[in-house]
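The values are calculated or read from the model by the stated rules, or taken from the named source; none is laboratory data. What you see is a predicted model, and the numbers here were worked out from it, not measured in a lab. Note that we place each Cβ from the backbone using ideal geometry, even for glycine, and neighbour counts take in every protein chain shown. Just so you know, the surface numbers come from the protein's heavy atoms only, side chains and all, with ligands and any DNA or RNA stripped out. Shrake-Rupley method; radii C 1.70, N 1.55, O 1.52, S 1.80 Å.
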Amino acid sequence: MTKPYVKQTIENEVGYIEFFHPAHNSLPGDVLAELAQTITDAGTNDAIKVIVLKSGGNRTFCAGASFTELINIDDAATGKVFFSGFANVINAMRKCPKFIIGRIQGKTVGGGVGLAASTDYCMASKYAAIKLSELNIGIGPFVVGPAIERKIGLSGMSQIAIDANTFYSAEWAKQKGLFTHVFESNEELDEAVKTTAEHLCTYNTDAMREMKKVFWQGTDHWDELLAERAATSGKLVLSEFTKEKLKGFK
């Protein structure tokens with residue numbers, strides 16, 4: 001399948017939400033909006049006890065925001081809307097009353113790192129290197145920053161944000177607390193994700209809901225915070241520096 005999609009399947013009370021885009025799973029606004037809505041709906045679906053977030057394909061979990069859309073931004077309001085795409089998904093994951101398990105099977109860049117950081121329990125393959133490349137094009141990981149900082153601390157987040165050319169290994173991400181386990185193959189990863197998710201389904205849903213509230217304590221202001229961050233990125237993307245950089249991606 002080469003067309004972008006967001007799909008949900010339910011198996012043994014686990015809701016598997018999968019997104020895909022042929023351009024290395026980079027996500028345009030319409031796919032992000034559908035992803036946010038699918039997560040929100042899964043949160044209220046009584047047939048689902050635990051959610052797994054995954055992407056299609058084997059090579060890349062998510063290459064971040066869609067460069068095709070980024071290149072066409074020509075005013076701050078459009079810029080804010082564009083960068084709000086990932087903010088809305090992160091906030092949907094934060095507010096979802098169910099545990100979300102991340103299945104990270106390959107390289108993850110920018111907004112994709114934000115999605116991984118917004119899961120409640122994140123498992124990866126050894127191919128899941130991470131990179132925050134935003135500084136390279138004259139912006140920064142403003143929207144995803146709070147989610148990443150919450151998982152790996154300000155020191156880890158600032159390190160990968162400044163070192164914008166470097167992929168950091170899945171093992172590094174595990175040491176920092178982003179990933180719980182790193183597996184040798186995607187087959188092992190899938191088996192572990194399935195086992196973990198189905199085991200969690202045997203637990204008290206009320207207890208898990210209350211634990212989720214505890215995990216995300218202190219983030220109630222994120223609706224406003226991430227909107228402000230999206231506006232910052234939306235302004236910066238209009239800079240001459242960024243416009244020049246983006247010409248190389250046309």
Residues of the range 81-93 satisfying the condition of being under 23 Å from MET211 (Cα atoms) and either of a type in the set (Ser, Thr, Tyr) or open to solvent by less than 20 Å² (accessible area, probe 1.4 Å) (or both): ALA87, VAL89, ILE90, ASN91, ALA92, MET93
Hits in the range 5-17 - residues which are open to solvent by 30 Å² or more (accessible area, probe 1.4 Å), touching a strand residue (DSSP E or B) at 6+ places or on another chain (Cβ under 9 Å) and either among the polar types (S, T, N, Q) or within 14 Å of VAL89 (Cα to Cα) (or both): GLN8, THR9
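I need a count of the residues in the range 49-74 that are over 13 Å from the mean Cα position of the chain (by Cα), modelled with pLDDT under 95, not hydroxyl-bearing (Ser, Thr, Tyr) and not in a loop (DSSP other than H, G, I, E, B).
4
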Test: residue in the range 94-108 that is small (Gly, Ala, Ser) and either modelled with pLDDT of 95 or more or under 16 Å from TRP222 (Cβ atoms) (or both): yes
Wholly enclosed helices (runs of 4 or more DSSP H) of the range 102-191 bearing at least 2 residues among the basic types (Lys, Arg) and open to solvent by 40 Å² or more (accessible area, probe 1.4 Å): 145-162, 170-176
Looking only at the range 52-61, and only at residues there that are closer than 18 Å to PHE86 by Cβ and hydrophobic (A, V, I, L, M, F, W, C), the one that is surrounded by the most Cβ atoms within 10 Å (Cβ to Cβ): PHE61
Number of the condition not met by PHE67 [criteria: (1) open to solvent by less than 10 Å² (accessible area, probe 1.4 Å); (2) under 20 Å from SER233 (Cα atoms); (3) not hydroxyl-bearing (Ser, Thr, Tyr)]: (1)
Scan of the range 93-102 for residues that are under 27 Å from ALA231 (Cα atoms) and over 11 Å from the mean Cα position of the chain (by Cα), ordered by number: ARG94, LYS95, CYS96
Options SER169, SER185, SER233, SER155: the member that is over 14 Å from MET123 (Cβ atoms), in contact (Cβ under 8 Å) with a residue 60 or more places away in the chain and among the hydroxyl-bearing types (Ser, Thr, Tyr): SER233
Residue among ASP41, ASP46 that alone is of a type in the set (Asp, Glu), under 20 Å from THR202 (Cβ atoms) and over 17 Å from the mean Cα position of the chain (by Cα): ASP46
